[in-house]
Each structure stands twice: as C-alpha cells, then as structure tokens.
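Values quoted throughout were computed directly from the atomic coordinates according to the rules given, and no laboratory measurement underlies them. Since the structure is predicted, the reported quantities are computational estimates derived from the model, not experimental observations. Neighbour counts run over all protein chains shown; Cβ positions are idealised from the backbone, glycine included.
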Amino acid sequence: MRYCILCLLGCALAAACGNPLGLPAAFITNQIDTVSLYALSGTPISLPSGYSIGARRAVRTEQSQPFDFAFDIDTARRALLFPTGALKLGRQSGIQISAQQFDSIKFAPTSNYNLDSAQVVTENSVVIIHSSGVTCSFNIPAFYYAKVHVLTIDTTSTPNGRRIDFEILSDLNCGYRGLEPGLPRH
C-alpha cells in the first residue's frame, strides 16, 4: 500500500510537469540473454540454480547472493521455477505464466504474480517475473521486470543434466515495465 501511495504521488507530481509516469529517461538497453540454470537438488552445489534480474546473471543460491527466482525438478520430473516466497525467503519476487508468445509481450503486467508457490514450466513456456523490490535512484520503490522463454529442459542425471535453458529479456530501468529489445518506453 505504501508503494502505491508513493507511486501515485510521484506520478501526479510528474504529470503536472508533462511526464505522465514520473520516471527519468530510460538509459539501460533491454537485451535478450541465453541462460542455463541447474536444479537445486541433484546437481553439484557449484552450479548456479538461481537468477538475479538486477545483476542479469545466474547465481549460486547457497552463497547468500540475492536472486529473484530459482530452478528445481520435482520427483515427478517436472521443471519448477520458484519465486523467493516459495523458498521461504520472503514474498519479494513474483512469477506468472503467460499465454502470449515471448516476442508478443511488450509490457509486464502490474498484478497477478504468484509470490508463494512454484510454477511448473515446460519447453516453450513463457513466464513473466518481477524482481524483489528495489529502491530507485529517485527514491521510489519499484521492481525490475523480465520475460522468460523456456528453450530446453533436461531432467536426466547426466553431468550436464537437470538443467533448464532459457532466453530472458530484463528491463533494468527502475520503474519501467517495457519488455522489448532496446531502450524501453514508459
């Protein structure tokens, strides 16, 4: 609730100055990266199982590195993506499955994110994720947003198995929800 009031106040003040969203000009270019994550269970601890949207990289979850979602495979061999709340790390990040194609998603939605439980994904699933909360340089709390397209899932126990490969586009311009390559629009 506090976030909404601050955002509305900031947006109202900025609207009077001709900027309807009250955001500074975007300066970080959105780009598509290809990433591999390894299952939280059944793979060496030295392999990354989490992803940090703000850092735009895969991370090892046991090293207290901040991350926004993690990957695992359950006993039914289903691939799962976990927001932080599902791992009992606080209800910070959120995930939602999208019915749209990866390239069709232009903006991240502001609501309906799953904060508390894992999402089952399959090859070609498209997921929209918001990061844990960040405080913008202009002192308004916000999220970073990303869209994910699952490319392959390997549930085997080979040295390179128990892995998910995906492409991800992240918008690291604080408060922006644009999910197209290039500089985002409001």
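Using the Cα centre as the reference, give the magnitude of the dipole from point charges on the C-beta atoms of segment 70-120 (Lys, Arg: +1; Asp, Glu: -1; all else neutral), rounded to the nearest 20 debye.
For this selection, approximately 60 debye.
Calculate the dipole size of segment 32-103 relative to its Cα centre from +1 charges on Lys and Arg beta carbons and -1 charges on Asp and Glu beta carbons; express the result in debye to the nearest 20.
The calculation lands at about 140 debye.
When you count, for each residue, the other Cβ atoms within 10 Å and take the mean per peptide, how do 66-77, 31-42 rank with the highest first?
66-77, 31-42
In bins 10 Å wide, starting from 0, what share of all Cα pairs of the chain does each bin hold, as a percent?
10, 37, 34, 14, 4, 1
Could you compute Rg(Cα) / (2.2 N^0.38 Å) for segment 138-186, with N its residue count?
Dividing the Cα radius of gyration by 2.2 N^0.38 Å gives 1.62.
Evaluate the charge dipole of the chain about its Cα centre and quote only its size in Debye, nearest 20, assuming +1 on the Cβ of each Lys and Arg and -1 on the Cβ of each Asp and Glu.
The dipole magnitude comes to about 320 debye.
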